[in-house]
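Participant: I'd like to ask some things about the structure below.
The values are calculated or read from the model by the stated rules, or taken from the named source; none is laboratory data. From a predicted model like this one, the values you see are computed outputs, not experimental measurements. Positions of Cβ are generated from backbone atoms using ideal geometry, with glycine treated the same way; all protein chains shown enter the neighbour counts. Heads up: the accessible areas ignore ligands, DNA and RNA and are worked out on the full protein's heavy atoms, side chains in. Shrake-Rupley method; radii C 1.70, N 1.55, O 1.52, S 1.80 Å.
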Amino acid sequence: MRIPYTITRNVFETYRCSQQSILLPSEQGRTLRPEDESWDNNIVPELKVLAIHVLVNQWESHPILDALPTASDRDLLLELLPTKLPFELIITWIPDEIFWKRASMDRWEHNYPNAHGGSWRRLYVERHFSEYLETLSPNFFKGQQESCSELMKLCKDYIFTLRVRSLIPSSLSTDKMAQVTSDEDCPNHIPFDEIVPFLPNLTELYINFGLIYMNAGFDWRDFKFSVEDCKNLGSGIKNCERLAKFSLTRSNLDSHRVAALLHGMAVNNTVVEMDLSHCKLGDAGAQAIGEYLTMNKRLRILHLANNYIGASGVQGIVYGLLQESATPLRSLNLRLNPITDEGGAHICALLLRHQTLENLNVSGCSLTTEGGINMAECIASGYLKLPSFNLDLSNNELGAIAGEAFEVAASSCNIVVGLDIRMCNFSKKSEYAIKETVARNREFHRQNRQRQQSSGTSLSSAYPRGVSLTVPLAYSPLQIPPVVPGPGRSLENLGSQSRITRDSKSDDGFKTAWKLSRANSLSKSRAGISSSSVSDKPRFSITNEESAASETTASNNAVS
């Protein structure tokens with residue numbers, strides 16, 4: 001080929017020499033002119049090249065590639081082959097990545113091989129099979145099932161990620177359209193229980209029930225799917241042995257449908273990440289997911305954004321995660337759900353008792369000052385058994401008082417390595433202090449990670465825990481009086497008796513108490529208390545055992 005297919009025609013035309021440059025005296029004696037496309041038109045090609053051109057013209061009926069004697073002959077044949085040959089022919093005979101790159105660029109405008117393992121052949125096969133599924137009609141699937149099975153046999157070794165952007169719904173006859181109401185009119189789609197189990201290498205599955213291009217007009221029915229579809233999909237995932245990531249978003253997935261879906265997925269123990277964002281789960285659907293969390297053993301990441309989940313739904317999820325048989329979840333996304341402060345209290349209970357949840361997103365969840373202060377006190381308590389913690393609190397009306405609470409919490413608990421506080425109405429001073437503290441915590445964890453890699457120590461020894469904050473003087477009227485141990489009581493439980501509780505005080509009294517406690521902590525820090533830098537050792541480096549020992553000594557003095 002005179003023009004390589006890796007260079008587009010526009011690039012070639014852009015860098016073509018002008019006519020004035022060609023007429024220069026120094027250009028007259030030059031024999032080889034690569035900028036001229038017709039410089040070799042009068043040169044008779046070699047007999048081998050003419051034979052390869054004949055093979056290209058007859059290749060669809062006589063596919064020959066490996067029989068060619070040299071690698072240069074095979075490369076020339078692949079460069080001359082057209083990209084619009086039958087798929088069952090090229091998938092069987094052509095393994096060359098350069099040909100698949102040319103075929104992909106000729107068929108689609110935008111191609112991202114990194115999303116397909118860096119393989120152009122895998123990109124072409126996965127997109128070709130996805131487009132085939134998007135054009136299948138459920139009304140005629142039984143008649144096309146044989147051809148679908150043949151295509152899956154050709155593609156099954158190269159499909160690792162399946163992205164189905166739209167699905168054609170089943171059509172109704174005129175008599176049924178007159179009988180069925182809008183609420184009951186849920187169309188069916190192609191059965192995935194006859195497709196997904198026959199893809200042995202499938203690791204990621206993304207499905208969207210709905211249409212992208214509306215050819216015959218808009219109808220809400222085209223974006224619905226039935227409970228039978230969920231049962232088929234769950235049954236297909238149940239028999240998928242390598243599926244690690246599943247995503248079903250932007251659909252009318254409600255409590256009944258998610259229950260039917262999870263009924264089949266509960267048997268599958270390979271899913272690591274599940275995304276059900278922008279659906280209609282509600283509290284009942286969230287409680288069904290909480291029950292599913294007690295059955296799955298490998299789920300680590302869960303996305304439930306924008307699902308109308310309230311405090312009752314969060315309670316069901318927390319209940320499922322706190323069971324002994326629950327999966328060790330590491331990331332939970334609950335953004336854009338109206339969980340309110342009541343749901344925030346359930347999340348605080350989860351943080352205090354869960355040992356693996358490192359990423360939590362409660363952005364835009366209708367949290368107020370009370371919920372923010374509760375979460376700040378939970379973080380500052382020192383009972384978070386996590387190596388690191390990332391929290392997204394953005395777009396919640398928390399207020400300046402909660403900002404001061406998080407300022408103290410971030411400085412007293414060095415496991416906080418990420419804290420998003422945008423649009424929370426914090427004061428500029430609190431925002432700056434929190435960002436600086438979180439940056440120091442992140443740097444401290446990076447240094448400890450390097451020390452751990454060099455010395456081979458465990459994570460538990462590399463990350464010291466925070467401790468409970470000492471009770472400020474302004475909180476002394478609100479504190480539960482200490483219990484003097486009797487003859488049959490132990491001193492070990494005294495530390496849990498001195499928790500700070502807040503009754504129905506007025507907002508003004510609570511603001512005053514918090515400001516006094518903040519001023520007291522600032523005066524102590526200026527006096528040199530806990531003034532160790534983060535680079536040397538973490539702030540508030542007193543351990544929980546030392547705190548309990550100090551409380552025990554104080555109680556013994558009170559008894560004596």
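Participant: Between Ser171, Ser166, which is assigned to a loop (DSSP other than H, G, I, E, B) and farther than 25 Å from Pro200 by Cα?
Facilitator: Answer to the check: Ser171.
Participant: Given the residues Asn307, Asn359, Asn296, which is the only one that is within 21 Å of the chain's Cα centre (by Cα) and open to solvent by 50 Å² or more (accessible area, probe 1.4 Å)?
Facilitator: Working: Asn307 fails: open to solvent by 50 Å² or more (accessible area, probe 1.4 Å); Asn296 fails: open to solvent by 50 Å² or more (accessible area, probe 1.4 Å).
Selected residue: Asn359, the only one of Asn307, Asn359, Asn296 that is within 21 Å of the chain's Cα centre (by Cα) and open to solvent by 50 Å² or more (accessible area, probe 1.4 Å).
Participant: Looking only at residues that are in contact with a strand residue (DSSP E or B) (Cβ under 9 Å, 6 or more places away or on another chain), in a loop (DSSP other than H, G, I, E, B) and not basic (Lys, Arg) in the stretch 298-326, which one is nearest to Thr368 (Cα to Cα)?
Facilitator: Going through the qualifying residues, I end up with Ala305.
Participant: Could you please tell me which pairs satisfy a Cβ distance under 7 Å, a separation of 6+ or placement on different chains, a first residue in the stretch 135-151 that is more than 19 Å from Val125 (Cα to Cα), and a second residue that is assigned to a helix (DSSP H, G or I)?
Facilitator: Cβ pairs passing all conditions: none.
Participant: Would you point out the residue of the stretch 62-81, among those that are assigned to a loop (DSSP other than H, G, I, E, B) and in contact (Cβ under 8 Å) with a residue 24 or more places away in the chain, that is nearest to the chain's Cα centre (by Cα)?
Facilitator: Leu81
Participant: Exactly one of these conditions fails for Arg330: (1) out of contact with any Lys or Arg (no Cβ under 8 Å at 6 or more places or on another chain); (2) surrounded by fewer than 22 Cβ atoms within 10 Å (Cβ to Cβ); (3) not hydrophobic (A, V, I, L, M, F, W, C). Give me its number.
Facilitator: (1) is the only condition that Arg330 fails.
Participant: Search the stretch 413-444 for residues being hydroxyl-bearing (Ser, Thr, Tyr) and surrounded by 21 or more Cβ atoms within 10 Å (Cβ to Cβ), and hand back the single one that is nearest to Glu370 (Cα to Cα).
Facilitator: Of everything passing the filter in the stretch 413-444, Ser430 is nearest to Glu370 (Cα to Cα).
Participant: Please find, within the stretch 134-162, the residue that is most open to solvent (accessible area, probe 1.4 Å) out of those that are within 17 Å of Glu88 (Cβ to Cβ) and under 25 Å from the mean Cα position of the chain (by Cα).
Facilitator: Only one residue tops the list, namely Tyr158.
Participant: Which members of the stretch 204-216 meet the condition of being open to solvent by 10 Å² or more (accessible area, probe 1.4 Å) and in a loop (DSSP other than H, G, I, E, B)? It would help to see each step written out before you state the result.
Facilitator: Going through the stretch 204-216, the residues open to solvent by 10 Å² or more (accessible area, probe 1.4 Å) turn out to be 204, 206, 208, 211-216.
Within the stretch 204-216, Asn208, Leu211, Ile212, Tyr213, Met214, Asn215, Ala216 qualify.
Participant: Within the stretch 445-468, take every residue that is within 30 Å of Glu404 (Cβ to Cβ) and open to solvent by 60 Å² or more (accessible area, probe 1.4 Å) and give me the one that is modelled with the highest pLDDT.
Facilitator: Checked the stretch 445-468; the qualifying residue modelled with the highest pLDDT is Arg446.
Participant: Being surrounded by fewer than 21 Cβ atoms within 10 Å (Cβ to Cβ) and assigned to a helix (DSSP H, G or I) narrows it down to one residue among Ala376, Ala405, Ala345, Ala410; which is it?
Facilitator: Ala345
Participant: Also, I was wondering about something else. In the stretch 333-342, what residues are open to solvent by 50 Å² or more (accessible area, probe 1.4 Å) and outside any loop (DSSP other than H, G, I, E, B)?
Facilitator: Thr340, Glu342
Participant: Of all residues being touching an Asp or Glu at 6+ places or on another chain (Cβ under 9 Å) and of a type in the set (Val, Ile, Thr) in the stretch 54-103, which is most open to solvent (accessible area, probe 1.4 Å)? Just the residue, please.
Facilitator: Ile98
Participant: Still on this model: Could you run through the stretch 362-373 and say how many residues are open to solvent by less than 40 Å² (accessible area, probe 1.4 Å) and of a type in the set (Val, Ile, Thr)?
Facilitator: Residues of the stretch 362-373 that are open to solvent by less than 40 Å² (accessible area, probe 1.4 Å), as a first pass: 362-365, 367, 371-373.
Of the ones still in play, those that are also of a type in the set (Val, Ile, Thr) are 362, 373.
Result for the stretch 362-373: 2.
Participant: For the list (1) touching a strand residue (DSSP E or B) at 6+ places or on another chain (Cβ under 9 Å); (2) free of Cβ contacts under 8 Å to residues at least 60 places away in the same chain, I need the number of the one condition that Glu377 fails.
Facilitator: For Glu377, the exception is condition (2).
Participant: Could you check the stretch 217-264 and list, in sequence order, the residues that are assigned to a loop (DSSP other than H, G, I, E, B) and open to solvent by less than 50 Å² (accessible area, probe 1.4 Å)?
Facilitator: Scanning the stretch 217-264 gives Gly217, Phe225, Ser226, Cys240, Leu243, Ala244, Thr249, Ser251, Asn252, Leu253, Asp254.
Participant: State all residues of the stretch 277-297 that are among the β-branched types (Val, Ile, Thr) and outside any helix (DSSP H, G or I); if no residue qualifies, say none.
Facilitator: Answer for the stretch 277-297, where residues must be among the β-branched types (Val, Ile, Thr) and outside any helix (DSSP H, G or I): just Thr294.
Participant: If I go through the stretch 119-131 residue by residue, how many of them are open to solvent by 40 Å² or more (accessible area, probe 1.4 Å) and either more than 22 Å from the chain's Cα centre (by Cα) or at pLDDT below 95 (or both)?
Facilitator: Of the residues in that region, 3 qualify.
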